[in-house]
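What follows is a single structure, written as structure tokens, with notes after it.
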Amino acid sequence: DAKTTQPPSMDCAEGRAANLPCNHSTISGNEYVYWYRQIHSQGPQYIIHGLKNNETNEMASLIITEDRKSSTLILPHATLRDTAVYYCIVRGIQGAQKLVFGQGTRLTINP
Amino acid sequence: SAVISQKPSRDICQRGTSLTIQCQVDSQVTMMFWYRQQPGQSLTLIATANQGSEATYESGFVIDKFPISRPNLTFSTLTVSNMSPEDSSIYLCSVSRGPDTQYFGPGTRLTVL
């Protein structure tokens, strides 16, 4: 039931910006884009979320296209500790708050 | 954020037995969720547990197999009943802190022989 499409894997060099794309062409007006990541053998970690404006926090930046059909998560200076599976999730704020996880993108940061 | 602990962190069980997993949160939360992550797979929601009401189960999950308790606003348990090797998974609880964000526990790694 996941409403997002992500590449299964990506590689990035340490110290470079990692740009993770996500397509969500069926997103509705009241649905937000969330990003979580799961480092091996740990529970998922919240990264960032947004509705239509670009967002930035201490972990990452989220760029959402004007038509909201796709977004990009940017890790500005990737480190080896950023190696993880990254999940892009579309979810409404009201009503059921469950998260529907797709397969995500396995990001590998190389030294 | 929220500090969430789970017990046990891992266990190895014999088929036909049951295991109860505990989830403790450091402060009161309205909604708690239980997820399963089978080997090499993504997370799948089992049920939503609200205090004072019956848990709401997702398609494919039933109360007889995965009974859930939610006795107060900081605690929940998930029981995996009559286990088989197909139940070998990581079981994770999460909590909703406000409408925006869910926080996850570290997970319980279950192996059924």
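Figures for the structure shown
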| item | result |
| --- | --- |
| Conditions (1) β-branched (Val, Ile, Thr); (2) in contact with a Phe, Trp or Tyr (Cβ under 8 Å, 6 or more places away or on another chain); (3) more than 30 Å from B:Arg10 (Cβ to Cβ): number failed by A:Thr65 | (2) |
| Every residue from the range B:56-81 that is at negative phi and assigned to a loop (DSSP other than H, G, I, E, B) | B:Glu58, B:Ser59, B:Phe61, B:Val62, B:Ile63, B:Asp64, B:Lys65, B:Phe66, B:Pro67, B:Leu73, B:Thr74, B:Ser81 |
| Residues (more than 9 Å from chain A (Cβ to nearest Cβ) and not in a strand (DSSP E or B)) located in the range B:35-49 | B:Gln38, B:Pro39, B:Gly40 |
| Any chance B:Arg97 is among the basic types (Lys, Arg) and modelled with pLDDT of 95 or more | no |
| Enumeration of residues in the range B:82-113 that are within 14 Å of chain A (Cβ to nearest Cβ), over 11 Å from A:Pro44 (Cβ atoms) and in a loop (DSSP other than H, G, I, E, B) | B:Gly98, B:Pro99, B:Asp100 |
| Options A:Ile109, A:Ile48, A:Ile64, A:Ile89; residue that is out of contact with any helix residue (DSSP H, G or I) (no Cβ under 7 Å at 6 or more places or on another chain), away from chain B (no Cβ under 11 Å) and among the aliphatic types (A, V, I, L, M) | A:Ile64 |
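One line per residue, one yes/no per condition, for (1) under 25 Å from B:Tyr103 (Cβ atoms); (2) touching a residue at least 24 places away in the same chain (Cβ under 8 Å); (3) not hydrophobic (A, V, I, L, M, F, W, C):
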| position | (1), (2), (3) |
| --- | --- |
| A:Gln6 | yes, yes, yes |
| A:Asp11 | no, yes, yes |
| A:Pro76 | yes, yes, yes |
| A:Ile109 | yes, yes, no |
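The values are calculated or read from the model by the stated rules, or taken from the named source; none is laboratory data. Predicted model, so just to flag it, every value in this text is computed and none were measured. Note that each Cβ is placed from the backbone with ideal geometry, even for glycine, and that neighbours are counted across all protein chains shown.
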